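Single-structure report; data block below.
The values are calculated or read from the model by the stated rules, or taken from the named source; none is laboratory data. Here the structure is a predicted model, which is why all the values come from computation and not from measurement. Note that we place each Cβ from the backbone using ideal geometry, even for glycine, and neighbour counts take in every protein chain shown. With ligands, DNA and RNA removed, areas are computed over all heavy atoms of the protein, side chains included. Shrake-Rupley method; radii C 1.70, N 1.55, O 1.52, S 1.80 Å.
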Amino acid sequence: MLLATLLLLAALAGGSGRVVPAPSPWARLDRTDPTLAGALTPLRGTRTTAGCSPEPGLCSVHLRAAAGRAIALRLTTQPGERFFGMGERFGSLDLDGQVLSNRAQDGMGTRTGTSYSPTPFLLSSRGYGIQVDTAADLTADLTSPGEVVIEIAAPDAVVDVLTGADPAAVLTRRAELVGVPPVPPAWGLGVWKSLIGGPGRVLADTDRLAAAGVPLDAVWIYDLADPRSGLGWSWPIYRPVPLGWYPDPAGTIAELHRRGLRVLGYLSPFLVPGTPGYLDAAARGYLVRNPDGSVFTEPWMYGDRRAYLDFTDPAATGWWQDRLRYAVGVLGFDGAMQDYGDQAPTGARYADGTPGSLMRDLYPVLYARAARQAVQSVKPDATVLFARSGYTGSQAWVTGRFTGDQTRDWDPRTGLPAVLAGMLNGSLSGWPYWGPDIGGFLDGDDGDGGDRELWTRWVELGALSPTMRDMLGAQTDPLGVQSDPDTLATFRGYARLHQALVPYLSGLAAQATTTGRPLMLPIWLQDPSDPTAWTIEDEYLLGPDVLVAPVLTAGTTSTSVYLPAGRWRDYWSGREHPGRTWVTVDAPTGHVPLFTRVASPVALPPPAALGLPG
């Protein structure tokens, strides 16, 4: 009773009026007990054998299904216990109350339990994590009080049970199992601008932005199409600007390089019937096939169809990599959006005989590995491929991530508010380098796309993510960077703020590649002993020294922010506050609640230097 009273008082500290339920504290569990003191038990006749590594903190449980049944196991939970991870999961950071699938699937997944980049990893606030070593269909049911039930559609699987002194130690141990992320070049953590419309328009836009003082590190040109390499997007989606024609891709890229900009293109695993690439790949037998041996195709854009490259065939992979090497080594691209990969056909035939039911999740890994190996052979450690899809193992091959196709609105399931949970759960799942589509991808409840408050809040979140990047998506007439002087000033100001963070972010990336520690983290990862920290879903840390409380609700002019342990300085006012307290701060449109740890090495420009409007 006394503990409950103390936790309630802590939750009410600072006068915020919030009542926060008490989670179970991070526990120092027996690091040689694969059953987690009986919390992990088999169900429905599943048989188990277990053993532990000589190093404490890693045990493995081998599961075998009963005849004619799927593997099933239960995690017994305690009151207040919370779960995180399972890949990029939108809507809510805490996974409680959801039924989640590990099937890589196109779409936001908040209604289906799927994800662009799932991974069967659950991190518990009670002091452990579990990683299931399987590509088979898996569901984790977190809807029943007192238990999590996991079902695996496979005859056998291995569950790695991870324990440690704190959550960061568990993340490090898991990264050692699935692969640590490579370090992107510094510009890959900088400011990128999406531009389309042909070389004349792209170069004119870069000149206008430079004249306006907008700091840019890279431009992303998705309509820069080249048949020989296969790079480029060829279907109109952004209504204000028609797609352009680039008669000399290498010349355009070289001119942008002379302006000091890196250049990113558009990459996918698809080949469109009738194109030279498709005809060559089909003749060589390099495409995923139907069971009858014909090439598998499915509908795509504007009546076109698409076929999948078969990454299980080494010859097909080498052919595809040669095309990508040409794009990087000859044309001069510095990387690309690595789109799709998350919906490989389950009923198709693959060259090495792997069943389609497993390829659904293995395909993103093979795709990411092939792409990374190709660019590394031409420009070692100098490129960025920012991916949509992923699965266990792709973490080691990816230098950037984007959050898929959000709607341009305030919808907590598919719009701006959904992005934060996706990036945080994705970060906990081993992908640390996130950059959301500023402005979203699809038209949403914003109607004509003119909601200035919404766009500005998206800029704020994007600027305080590892990579700042806008998007010219499938939208009719949206507000954007160059819409008017105020939008230009907003993007410019936050770009200046982001560029000031690049040295700090690069240092965090160097740590991530050895520890698996994400750049964006829930505040409890820094201080797992704080019960209130485990309940905070609308704030995050960039490393240990920058605290962000993005505004994700329309009409907000002030907000309560929980400050974790330490002493913190409000970026806008300069006021200092003690940690483990609530503070109420002004949050007008254009001023994201932002704090830096007192005496930290982070150096940000003064607010007046940003030149924000009004």
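Could you please give the count of residues in the range 437-488 that are among the polar types (S, T, N, Q) and modelled with pLDDT under 95?
Quick first cut of the range 437-488, residues among the polar types (S, T, N, Q) only: 456, 465, 467, 475-476, 482-483, 487.
Now drop any that are not modelled with pLDDT under 95, which leaves 475-476.
Of the residues in the range 437-488, 2 are among the polar types (S, T, N, Q) and modelled with pLDDT under 95.
Note on the range 30-68: residues that are assigned to a loop (DSSP other than H, G, I, E, B), over 21 Å from Glu151 (Cβ atoms) and of a type in the set (A, V, I, L, M, F, W, C) amount to 1.
For beta carbons closer than 6 Å, sequence separation of 6+ or different chains, a first residue in the range 333-344 that is farther than 20 Å from Met471 by Cα and a second that is of a type in the set (A, V, I, L, M, F, W, C), the qualifying pairs are Asp342/Ala104; Ala344/Met359. Filtering Leu420, Leu424, Leu385 for residues that are part of a strand (DSSP E or B), among the aliphatic types (A, V, I, L, M) and in contact (Cβ under 8 Å) with a residue 12 or more places away in the chain leaves a single hit, Leu385.
Run down Val159, Val149 and say which single residue is at pLDDT 95 or above, touching a Leu at 6+ places or on another chain (Cβ under 8 Å) and crowded, with 22+ Cβ neighbours inside 10 Å. Within the list Val159, Val149, the selection yields Val159. Annotation note: of Gly426, Gly435, Gly422, Gly430, the sole residue that is in contact with a Pro (Cβ under 9 Å, 6 or more places away or on another chain) and on the phi > 0 side of the Ramachandran plot is Gly430. Of the residues Tyr278, Tyr326, the single one that is of a type in the set (Phe, Trp, Tyr) and over 28 Å from Leu203 (Cβ atoms) is Tyr278. Pro412 falls short on exactly one of the conditions (1) open to solvent by 30 Å² or more (accessible area, probe 1.4 Å); (2) part of a helix (DSSP H, G or I), and that condition is (2). In summary, Tyr286 fulfils each of the numbered conditions (1) free of Cβ contacts under 8 Å to residues at least 40 places away in the same chain; (2) over 29 Å from Arg408 (Cα atoms); (3) out of contact with any Ser or Thr (no Cβ under 9 Å at 6 or more places or on another chain) with the single exception of condition (3). The residue of the range 101-128 that is nearest to Val178 (Cα to Cα), among those that are touching a Gly at 6+ places or on another chain (Cβ under 6 Å) and either at pLDDT below 95 or hydroxyl-bearing (Ser, Thr, Tyr) (or both), is Thr119.
For the range 360-373, taking the residues that are out of contact with any strand residue (DSSP E or B) (no Cβ under 7 Å at 6 or more places or on another chain) and within 22 Å of Thr403 (Cα to Cα), the one that is surrounded by the fewest Cβ atoms within 10 Å (Cβ to Cβ) is identified as Arg369. In the condition set (1) within 21 Å of the chain's Cα centre (by Cα); (2) surrounded by fewer than 18 Cβ atoms within 10 Å (Cβ to Cβ); (3) within 27 Å of Val183 (Cα to Cα), Ala495 is compliant with all but (2).
Against the list (1) under 28 Å from Leu604 (Cα atoms); (2) in contact (Cβ under 8 Å) with a residue 60 or more places away in the chain; (3) β-branched (Val, Ile, Thr), the condition Ile438 fails is (2). Among the residues of the range 129-144, those that are touching a residue at least 60 places away in the same chain (Cβ under 8 Å) and open to solvent by 10 Å² or more (accessible area, probe 1.4 Å) comprise Asp133, Ala135, Asp137.
Could you check the range 76-128 and list, in sequence order, the residues that are among the β-branched types (Val, Ile, Thr), free of Cβ contacts under 8 Å to residues at least 40 places away in the same chain and assigned to a strand (DSSP E or B)?
Let us first name the residues in the range 76-128 that are among the β-branched types (Val, Ile, Thr), namely 76-77, 99, 110, 112, 114, 119.
Next cut, free of Cβ contacts under 8 Å to residues at least 40 places away in the same chain only: 112, 114.
Of everything in the range 76-128, nothing turns out to be among the β-branched types (Val, Ile, Thr), free of Cβ contacts under 8 Å to residues at least 40 places away in the same chain and assigned to a strand (DSSP E or B).
Look at (1) under 18 Å from the mean Cα position of the chain (by Cα); (2) open to solvent by 10 Å² or more (accessible area, probe 1.4 Å) and you find that Leu100 fails only one, number (2).
Whether any residue in the range 348-357 is touching a Lys or Arg at 6+ places or on another chain (Cβ under 7 Å) and not charged (D, E, K, R) is what I want to check. I'd like the intermediate steps shown before the answer.
Step one: filter the range 348-357 for residues touching a Lys or Arg at 6+ places or on another chain (Cβ under 7 Å), giving 348-349.
When the remaining residues are screened for being not charged (D, E, K, R), the result is 348.
Scanning the range 348-357, I find at least one residue that is touching a Lys or Arg at 6+ places or on another chain (Cβ under 7 Å) and not charged (D, E, K, R), so the answer is yes.
Taken together, the residues in the range 521-546 that are assigned to a helix (DSSP H, G or I), in contact with an Asp or Glu (Cβ under 9 Å, 6 or more places away or on another chain) and open to solvent by 20 Å² or more (accessible area, probe 1.4 Å) amount to 1. Please verify whether Ser229 is of a type in the set (Ser, Thr, Tyr), open to solvent by less than 40 Å² (accessible area, probe 1.4 Å) and touching a Lys or Arg at 6+ places or on another chain (Cβ under 6 Å), treating the condition exactly as stated. Spelling it out, Ser229 is indeed of a type in the set (Ser, Thr, Tyr), open to solvent by less than 40 Å² (accessible area, probe 1.4 Å) and touching a Lys or Arg at 6+ places or on another chain (Cβ under 6 Å). A single entry from Ser377, Ser357 fulfils the requirement of being farther than 25 Å from Phe296 by Cβ, modelled with pLDDT of 95 or more and either acidic (Asp, Glu) or surrounded by fewer than 24 Cβ atoms within 10 Å (Cβ to Cβ) (or both): Ser377. Within the range 593-614, residues that are under 10 Å from Gly566 (Cβ atoms) sit with their Cβ atoms under 6 Å from residues that are buried (at least 18 other Cβ atoms within 10 Å of the Cβ) and among the small types (Gly, Ala, Ser), at 6+ positions apart or across chains, in these pairs: Arg597/Gly566.
Is it true that some residue in the range 556-577 is modelled with pLDDT of 95 or more, among the aliphatic types (A, V, I, L, M) and in contact with a Gly (Cβ under 7 Å, 6 or more places away or on another chain)? Yes: the range 556-577 contains one or more residues that are modelled with pLDDT of 95 or more, among the aliphatic types (A, V, I, L, M) and in contact with a Gly (Cβ under 7 Å, 6 or more places away or on another chain). Residues of the range 196-225 that are open to solvent by less than 20 Å² (accessible area, probe 1.4 Å) and either more than 30 Å from Leu610 (Cα to Cα) or not hydroxyl-bearing (Ser, Thr, Tyr) (or both): Ile196, Gly198, Val202, Asp205, Leu209, Val214, Ala218, Val219, Trp220, Ile221, Asp223, Leu224.
Being open to solvent by less than 30 Å² (accessible area, probe 1.4 Å) and within 22 Å of the chain's Cα centre (by Cα) is true for just one of Trp235, Trp187. Which residue is that? Only one candidate qualifies: Trp187. When residues in the range 461-484 are screened for being outside any strand (DSSP E or B), open to solvent by less than 10 Å² (accessible area, probe 1.4 Å) and of a type in the set (A, V, I, L, M), 4 of them pass. Take the residues of the range 238-247 that are within 20 Å of Ala336 (Cβ to Cβ) and either at pLDDT below 95 or within 28 Å of the chain's Cα centre (by Cα) (or both): which is most open to solvent (accessible area, probe 1.4 Å)? The selected residue is Leu243.
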